[in-house]
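Accompanying notes for the structure given below.
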Amino acid sequence: MTSLQETARKFDQDGFVILRQLFSEDEISELKQQLDDFIRHEVPLLEPGQVYFEDVPSRPIKAIHRLEARSAYFRRLLAEPRILQVVQTIFAGSDILPEAVMYFAKQAVAGSVTPAHQDNAFQHWDPPEALTVTVAVDESTPANGPLICLKGSHKLGVLPYRQSGVLGFSRALASPADTRVYREVALCLEPGDVALHHINTIHRSEANPSPRHRRQIGLGYRSTRARRDEQGHERYLQDLDRLHKDNRAALESADAKGQS
Ligand SMILES: O=C(O)CCC(=O)C(=O)O
């Protein structure tokens, strides 16, 4: 079996797979530089919903969505042939569509919990032939809130969810999955490592109380066989809009109290 096919087999079996050192040190240095530039020049222009901040006074960035819309560098990263080749082997017999680039930052000391969720509760692909590729910018260790995937949980389909109230991760699993059956695996990565998880794989992360950042890029792909459940997706967008309005109202009321 070639290593590409072995990767696809593991992904199919576990719902996630790690590829070590897909990107070189120089490539990760450039990625960091591009991220810094994006944060300096583009983030101030983004609307709520495109960027999320931690709820602490220093307001460090927690997540940015759709970097490819504003950056030629991130559009190129999304079209990276080394990644497309792996995704193509996983969803064999179909063309692959790159979807979006996200940034997830679990900042030193300030990074908060990501509730257990499945990406397809947000994305609504049917059949669920889609995945997220995580590119590690920093080392992730048990101490700095690594991504934790539940092995085999992608075979459960999309499970009932609840509104989490957490900005950036508004839908969480309604009840915890049985981790004796679907074992939790912390994805401990070095910069340049890449992890792929299926959109139905349950994943979560703890807070980051450590002095080290855990930042990563998420690249979304799907097969051309996957179709969006438009009604389900519209309901999600309406829920999200409500959450943003409630959040704005809460902030305005806190401001008004502060001034009175
Ligand atoms: O960084 C995290 O904690 C969450 C990332 C995530 O949900 C994802 O990559 O799909």
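The values are calculated or read from the model by the stated rules, or taken from the named source; none is laboratory data. Just so we're clear, the structure is a prediction, and the values are computed from it rather than from any experiment. Cβ coordinates were reconstructed from backbone atoms using ideal geometry, including for glycine residues, and neighbour counts include every protein chain displayed.
Please verify whether VAL17 is within 15 Å of the ligand (Cβ to nearest atom) and within 15 Å of GLY218 (Cα to Cα), treating the condition exactly as stated. Answer is yes for this residue.
Matching residues to (1) among the small types (Gly, Ala, Ser); (2) within 11 Å of the ligand (Cβ to nearest atom); (3) not assigned by TED's automatic domain parsing to the domain that holds SER153:
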position	(1), (2), (3)
ALA69	yes, no, no
GLY93	yes, no, no
LYS106	no, yes, no
SER112	yes, yes, no
GLN123	no, yes, no
ASP126	no, no, no
LEU131	no, yes, no
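With respect to the conditions (1) modelled with pLDDT of 95 or more; (2) within 12 Å of the ligand (Cβ to nearest atom), LEU173 falls short on a single one, namely (2). Among the conditions (1) within 30 Å of GLY93 (Cα to Cα); (2) more than 10 Å from the ligand (Cβ to nearest atom), ALA195 misses just one, which is (2).
Within the range 75-86, can one find any residue that is within 16 Å of the ligand (Cβ to nearest atom) and basic (Lys, Arg)?
Narrowing the range 75-86 to residues within 16 Å of the ligand (Cβ to nearest atom): 77-78, 83.
The next check asks that each one be basic (Lys, Arg); those that pass are none.
Checked the range 75-86: no residue is within 16 Å of the ligand (Cβ to nearest atom) and basic (Lys, Arg).
Scanning for something touching a Phe, Trp or Tyr at 6+ places or on another chain (Cβ under 8 Å) and over 23 Å from ALA69 (Cβ atoms), does the range 207-227 turn up at least one residue? Within the range 207-227, one or more residues are touching a Phe, Trp or Tyr at 6+ places or on another chain (Cβ under 8 Å) and over 23 Å from ALA69 (Cβ atoms).
Considering the range 214-241 alone, what residues qualify as being at pLDDT 95 or above, within 16 Å of the ligand (Cβ to nearest atom) and either out of contact with any Leu (no Cβ under 8 Å at 6 or more places or on another chain) or small (Gly, Ala, Ser) (or both)? Within the range 214-241, ARG214, GLY218, GLY220 meet the criteria. Scanning the range 128-150 for residues that are surrounded by fewer than 22 Cβ atoms within 10 Å (Cβ to Cβ) and farther than 21 Å from ALA100 by Cβ turns up ASP138, GLU139, THR141, PRO142, ALA143, ILE148.
The single residue among GLY157, GLY168, GLY220 that is within 26 Å of PRO98 (Cβ to Cβ), surrounded by fewer than 20 Cβ atoms within 10 Å (Cβ to Cβ) and under 17 Å from the mean Cα position of the chain (by Cα) turns out to be GLY168.
The number of residues in the range 199-212 being crowded, with 21+ Cβ neighbours inside 10 Å and not aliphatic (A, V, I, L, M) comes to 5. Checked against the criterion of being modelled with pLDDT of 95 or more, out of contact with any helix residue (DSSP H, G or I) (no Cβ under 8 Å at 6 or more places or on another chain), hydrophobic (A, V, I, L, M, F, W, C) and farther than 30 Å from LEU159 by Cβ, the candidates LEU22, LEU31, LEU84, LEU45 yield just one match: LEU45. In the range 226-233, the count of residues that are crowded, with 21+ Cβ neighbours inside 10 Å and within 29 Å of THR179 (Cβ to Cβ) is one or more.
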